[in-house]
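Structure first, commentary second.
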Amino acid sequence: MVITASWCIQIKPSERPSMSKVLEMFETDVTLLQMPPRPFQLPFEPKIDHMALQLQGHLSFLLLQGI
């Protein structure tokens, strides 16, 4: 049941099974079911502030140099 639910909560509608496929999954032997490729994906990708990471790297370098 958890595997079927994992398929049903996929972010992209095109990756979710049809209702007939869901019924088929419920009737199938659980050992034959596969987890979706991204079962617990967030609805957004966390933003990475590349400028802040670059600045942090430069500051760390300067501190190591004793400047």
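The values are calculated or read from the model by the stated rules, or taken from the named source; none is laboratory data. Every value quoted in this text rests on a predicted model; they were computed, and no experiment measured them. Methodologically, a virtual Cβ is constructed for each residue, glycine included, from the backbone with ideal geometry; neighbour enumeration extends over all protein chains shown. Keep in mind that these areas ignore ligands, DNA and RNA; they rest on the heavy atoms of the full protein, side chains included. Shrake-Rupley method; radii C 1.70, N 1.55, O 1.52, S 1.80 Å.
Would you please name the residue that is least open to solvent (accessible area, probe 1.4 Å), looking only at residues in region 34-54 that are at pLDDT below 70 and part of a helix (DSSP H, G or I)?
Only one residue tops the list, namely 52.
Under 8 Å by Cβ, and 6 or more places apart or on different chains, what pairs join a residue from region 15-33 that is exposed (fewer than 12 other Cβ atoms within 10 Å of the Cβ) with one that is not polar (S, T, N, Q)?
Every condition considered, the pairs that remain are 26/1; 30/3.
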